[in-house]
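Values quoted throughout were computed directly from the atomic coordinates according to the rules given, and no laboratory measurement underlies them. Since this is a predicted model, take the numbers as computed values, not measurements. Note that each Cβ is placed from the backbone with ideal geometry, even for glycine, and that neighbours are counted across all protein chains shown.
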Ligand SMILES: C[S@@+](CC[C@H](N)C(=O)[O-])C[C@H]1O[C@@H](n2cnc3c(N)ncnc32)[C@H](O)[C@@H]1O
């Protein structure tokens, strides 16, 4: 191949990679996916103080028997809490794109004798959930990692029952004191600008957590 064509091809590949790194609507940089090396960090004891996970779930008032999905569940830090809340008659889909995370999630559920959790291996553009089946989708510290956010939103919306809720917990991008890299934080304005075009209705933001927004949308 002539050198000039080779260089042009290289530039094209570089520009495609660059384009995929930036959200098409808000132009925010999309964060890297957390690998299994982050598993210990996800269950660090100080997380309870930093994120108040149980207070966050209290605010969602999840009824017993509900069907919920923890998307980007990691090792299941929120999945086991959801499983306790919905009880044995409820279902929790614990979904992630990394099998190694799901293996750890599965172990964590077995240790806690939880039998209402269904691990699901999704792909970067499809969480592989049943359609019209889910009352609540929870995304904790994960939406900003989606490399195909619009396709994920469309598929997640399809899996919600009419009136079902989609809830994001995201570190506050408006607050420079939150000690997290910029691409791992989101502002309310960014989230609304990206989710409302996916036909999800903004309900409210609940501001009771030390560092994160709780952002509620409805199908
Ligand atoms: C920072 S971890 C958060 C894990 C968990 N939600 C928690 O709070 O403990 C982000 C997780 O999102 C997953 N993830 C990234 N992109 C995803 C996608 N498109 N679909 C599902 N999971 C995804 C990663 O594999 C990783 O396990």
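Could you tell me whether region 97-193 comes out rounded, prolate or oblate from its Cα gyration tensor? Rule is a ≥ b ≥ c as square roots of the eigenvalues, rounded for a/c under 1.5, then prolate if a/b exceeds b/c, otherwise oblate.
oblate
Could you calculate the FRET efficiency of residue 154 with residue 43 from 1/(1 + (r/R0)^6), where r is the beta carbon distance between them and R0 is 22 Å, rounded to 0.05? Walk me through the numbers on the way to the answer.
Working: r = 31 Å, r/R0 = 1.43.
About 0.10, to the nearest 0.05.
Need the C-alpha centroid separation for region 81-137 versus region 51-73, integer Å.
A separation of 12 Å, based on Cα centres.
When 217, 146 are ordered from fewest to most other Cβ atoms inside 10 Å of their Cβ, what list results? Walk me through the numbers on the way to the answer.
Details: 217 25, 146 22.
Ascending number of Cβ neighbours within 10 Å: 146, 217.
For the chain, compute Rh as the Kirkwood radius over C-alpha pairs and then the Stokes-Einstein diffusion coefficient at 10 °C and 1.306 mPa s; write the answer in µm²/s, rounded to an integer.
Working: Rh = 18.1 Å.
D, rounded to a whole number, is 88 µm²/s.
Sort 69-79, 163-173 by packing, meaning the average of other beta carbons within 10 Å per residue, with the highest value first.
Details: 69-79: 26.5, 163-173: 21.1.
So the peptides 69-79, 163-173, ranked by packing, come out 69-79, 163-173.
Kindly state, to the nearest 0.05, the FRET efficiency for residue 58 paired with residue 118, given R0 = 25 Å and r defined as their beta-carbon distance.
Working: r = 24 Å, r/R0 = 0.96.
FRET efficiency, residue 58 to residue 118: 0.55.
Could you tell me whether region 79-122 comes out rounded, prolate or oblate from its Cα gyration tensor? Rule is a ≥ b ≥ c as square roots of the eigenvalues, rounded for a/c under 1.5, then prolate if a/b exceeds b/c, otherwise oblate. Spell out each step's value before the answer.
On the way: a/c = 2.59, a/b = 1.56, b/c = 1.66.
It is oblate, given that a/c is not under 1.5 and a/b is not larger than b/c.
Calculate how many DSSP beta bridges within the chain are antiparallel, expressed in % of all such bridges and rounded to the nearest 5.
Once the DSSP bridges in the chain are tallied, antiparallel ones form about 40 percent.
Between residue 84 and residue 193, take the C-beta separation as r, use R0 = 30 Å, and let me know the FRET efficiency to the nearest 0.05. Before the final figure, lay out each step's value.
Numbers: r = 34 Å, r/R0 = 1.15.
It comes out at approximately 0.30.
What order, most packed first, do the peptides 47-56, 32-41 have when packing is the mean number of other Cβ atoms within 10 Å of each residue? Intermediate values should be presented prior to the final figure.
On the way: 47-56: 14.6, 32-41: 12.6.
So the order, starting with the most tightly packed, is 47-56, 32-41.
For the chain, calculate the relative contact order in percent as a whole number, restricting contacts to Cα pairs under 8 Å that are 6 or more residues apart. Write out the running numbers ahead of the final one.
Details: 398 pairs, mean separation 39.6, N = 219.
For the chain, the relative contact order is 18 percent.
Taking neighbour counts of Cβ atoms within 10 Å as a proxy for exposure, in what order, fewest first, do 23, 213 appear? Walk me through the numbers before you get to the answer.
Numbers: 23 17, 213 22.
Neighbour counts put them in this order, fewest first: 23, 213.
Show me the ranking of peptides 112-121, 147-156 by mean Cβ neighbours inside 10 Å, starting with the highest. Please list the in-between numbers first.
On the way: 112-121: 15.3, 147-156: 18.3.
Top of the packing list down: 147-156, 112-121.
Which of rounded, prolate, oblate describes region 37-92, given a ≥ b ≥ c as roots of the alpha-carbon gyration tensor eigenvalues and a/c under 1.5 marking rounded, otherwise prolate only if a/b is larger than b/c? Please list the in-between numbers first.
Working: a/c = 2.71, a/b = 1.58, b/c = 1.72.
It is oblate, given that a/c is not under 1.5 and a/b is not larger than b/c.
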